[in-house]
1. Quick one: count up the residues across region 231-274 that are among the acidic types (Asp, Glu) and surrounded by 16 or more Cβ atoms within 10 Å (Cβ to Cβ).
2. Mind checking which pairs have a first residue in region 363-391 that is open to solvent by less than 30 Å² (accessible area, probe 1.4 Å) and a second that is of a type in the set (S, T, N, Q), Cβ under 6 Å, 6 or more apart or different chains?
3. Of all residues in region 90-101, how many are touching a Gly at 6+ places or on another chain (Cβ under 8 Å) and open to solvent by 10 Å² or more (accessible area, probe 1.4 Å)?
4. From the list ILE263, ILE321, ILE297, which one is touching a Ser or Thr at 6+ places or on another chain (Cβ under 9 Å), within 21 Å of MET347 (Cα to Cα) and part of a helix (DSSP H, G or I)?
5. From the residues in region 35-63 that are open to solvent by less than 30 Å² (accessible area, probe 1.4 Å) and among the hydroxyl-bearing types (Ser, Thr, Tyr), which one is farthest from ALA73 (Cα to Cα)?
6. Here are the criteria: (1) surrounded by 24 or more Cβ atoms within 10 Å (Cβ to Cβ); (2) over 24 Å from VAL153 (Cα atoms). Tell me which single one LEU289 does not satisfy.
7. What residue, of PHE146, PHE166, is under 30 Å from MET390 (Cα atoms), open to solvent by 10 Å² or more (accessible area, probe 1.4 Å) and aromatic (Phe, Trp, Tyr)?
8. Given the conditions (1) without any contact (Cβ under 8 Å) to a residue 40 or more places away in the chain; (2) open to solvent by 30 Å² or more (accessible area, probe 1.4 Å); (3) of a type outside the set (Phe, Trp, Tyr); (4) in contact with a Phe, Trp or Tyr (Cβ under 9 Å, 6 or more places away or on another chain), which single one is not true for LEU281?
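The values are calculated or read from the model by the stated rules, or taken from the named source; none is laboratory data. Remember, it's a predicted structure, so these values are computed and weren't measured experimentally. Positions of Cβ are generated from backbone atoms using ideal geometry, with glycine treated the same way; all protein chains shown enter the neighbour counts. Please note that ligands, DNA and RNA were not included when accessible areas were found on the heavy atoms of the full protein model with its side chains. Shrake-Rupley method; radii C 1.70, N 1.55, O 1.52, S 1.80 Å.
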Amino acid sequence: MTIRPFLLLLISCFLLMTGYGLINILLPVRMLNDGVSLDSIGLVLSMLSVGFLVGAIYSRRLLQRVGHIRIFAMCGSLTSVAILLSGLYPDPLILGCMRIITGFCMACANATLDSWLSYSATEKNRGRILSINQMVLMSALFSGQFLLSVAPVDGMTLFVISGILFSLAITPIVISKQQGPQIEDSQAMSLMTILKLSPLGVVSCFYCGILYAGLLNMLPIFASDNGIKDLDLSIFMGAAISGAIILQFPIAYLSDHFDRRKIMLAMVSTIILFSLFIPLLITLGLFNLSLFSIAVITGMAACLYPMSMSETFDKVLKKQILTAMSSLLVIYALGSILGPYAASVVMKLFGSNALFIFIIITASTLLTFIIIRMKQRSALPFEEQENFIMQTPSGAVSELDPRTDYAEPAFEQSAEVEVAVSLATQNPAAAVNMVKALALRDPNNAANLAAALSTIEQINIGQLYGAITTAAPEMAVHIAQALTNASPEKVEELVDWITTTYPDQFTNIIVAIANSMPDNGIRVMELAAEHMSADHSGGLLEMTEQYMTDLSGSLDEMRPVDRSAAASEQTAAELYSRLSHVSPEYSAELALTVSEALPESSNVIAEAYLHNLIESENDQDCAADAVENIEHAVNDYLSQVVENIPEYAVDIASTIVDYVPDVASEMVELLQDSDSVDVHDLTVSIDDKPEQNVLKEQLLDAVQTQTDKFSNEQ
């Protein structure tokens with residue numbers, strides 16, 4: 001059921017990557033047979049990553065300007081031409097140019113497929129679709145290796161077969177009924193920024209490019225020089241690619257249950273260890289063991305890419321993951337440009353077996369860096385680490401990755417939506433009545449219809465909401481959220497209408513709207529408070545409590561790095577400040593409500609409350625009355641704190657004494673009378689405040705009294 005809507009896209013992906021897998025094994029073997037020098041072979045093969053890098057940077061811009069179907073068709077046809085020209089004119093210069101074109105087209109084609117799948121996926125199934133797409137991609141690369149034995153490598157047949165596969169890949173896309181989505185450009189995070197955030201993630205990603213690209217590109221040369229040809233060569237390369245598929249599963253489990261850096265250390269150590277034995281196994285004729293070893297080496301190298309992504313994502317905000325992914329893709333491409341050429345130079349100087357000397361030396365430097373980082377920085381608890389997600393560096397910034405922010409479409413296109421929108425441009429009232437009738441027939445579709453109509457300028461969003469909620473009252477909250485997501489610029493109008501029309505039942509609706517606009521939720525709450533009638537001002541506290549409770553719950557669900565950046569105390573303080581400004585008569589109640597819902601903000605809220613209290617009382621003509629009112633108010637406030645959030649009572653009492661020193665004795669009595677507050681804590685909290693010597697003496701006396709009482713009881 002998950003695959004069915006994307007079947008044609010996956011077929012195109014399989015055909016495309018099968019042709020790509022064939023040309024990747026064919027080209028180095030053909031150049032070796034033609035007598036091209038090893039360093040020239042490495043340079044030509046590195047040109048693929050040059051094109052890949054350019055495609056990764058510009059693919060999304062091209063998709064915006066040209067469209068998905070045209071870009072994919074262009075990539076398929078251009079790659080076919082490049083492959084056929086490579087067979088007709090096997091000059092290294094021409095091969096290098098064609099390789100750049102191939103890399104560029106592959107990056108663009110994969111970006112096309114990925115964005116198409118992302119647009120059609122939902123938040124629940126996008127992780128599954130990503131896994132399926134990755135399995136199709138790697139299975140196609142694996143299958144492409146076995147086409148090498150279909151015809152001689154020195155002829156044109158294999159080039160023609162690869163070109164045919166690329167041309168056939170266009171057909172399923174062209175005949176698909178799915179329309180290409182509109183996508184937004186994704187800017188990469190600067191390399192210096194991401195390097196400062198996660199040095200290990202960046203360095204391991206770069207080394208992954210060197211190791212993985214160096215291996216896959218130069219392994220056919222190594223195998224051919226060691227007498228592995230025809231079907232055996234396909235099996236050898238197939239084993240390498242199968243390792244990159246199979247080992248992702250155990251590495252994913254280990255990464256999610258143990259310190260990721262230790263797992264990376266073990267992976268790189270495994271690469272070094274198995275690389276020592278590959279030439280020996282080949283020399284001894286132990287072909288099966290060499291297949292196992294090469295699968296392990298390539299699989300470990302391939303897993304460094306998703307491991308480096310997870311390591312980096314631990315340090316970036318969720319909304320920054322896509323931009324970080326773009327930067328990591330560029331970093332990988334830079335490594336993959338260097339890898340094949342550097343490996344070929346080493347092989348030319350010291351023989352084909354030196355490929356694994358190159359791998360050992362390169363992996364050893366990465367191993368050293370991992371050890372250094374482990375000593376410099378403590379590890380995150382593994383339960384706070386970002387999940388490992390199966391990924392291959394395909395040239396696409398994948399929004400299918402479930403770790404990224406999911407941008408739900410404002411509404412889904414349907415026949416009813418098209419008719420309603422078309423009618424609304426000519427007769428808004430008729431369109432609203434039509435949508436109301438449709439909502440009566442299908443209440444579950446009411447929110448989608450409402451969201452679509454709200455985007456029409458002539459539509460009054462309040463009247464639209466009222467009409468549809470009349471037909472589907474049980475969908476009131478969901479419809480409000482849908483309208484907010486589709487037309488955030490009309491939120492003020494919607495909030496005004498709701499608070500005026502439903503003065504006694506707006507709380508859930510307003511909070512739902514505020515939660516739908518995390519960047520402007522406080523403004524929504526302020527608008528609701530401003531439009532609230534005096535007869536229903538009591539609902540302000542209920543609304544505030546629910547909003548803050550939802551905020552507290554969302555903090556618990558956040559990743560650690562997002563929770564640190566959420567600035568929840570400042571959010572609570574800003575909410576209190578705005579609402580108390582609108583309804584100053586509820587200042588104390590609002591402060592207590594916010595503090596109880598988010599206790600860690602209680603001290604900040606207490607400071608804001610005391611500032612408001614002193615400022616308002618100082619405006620009175622009678623100074624004596626003002627002092628008395630302040631003292632009475634702070635005593636009541638601390639009494640409520642002691643009763644509802646006693647664990648913060650000590651800090652708040654200390655804050656109160658900072659602002660109103662004359663109430664020190666009353667604060668001590670309140671705290672001393674409470675069974676849930678330890679007066680010793682208050683002594684410690686003001687130990688570094690010399691201006692509170694009087695309070696300190698009173699507290700010490702109170703502590704001594706408690707101690708004497710306890711001793712007598714004993």
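1. Final tally of qualifying residues: 2.
2. Every condition considered, the pairs that remain are GLU386/SER310; PHE388/SER255; PHE388/SER310; MET390/SER131; MET390/GLN134; MET390/GLN248.
3. 2
4. Just one listed residue meets the conditions, ILE297.
5. Only one residue fits best here, namely SER46.
6. Every condition holds for LEU289 apart from (1).
7. PHE146
8. Result: LEU281 fails condition (2) only.
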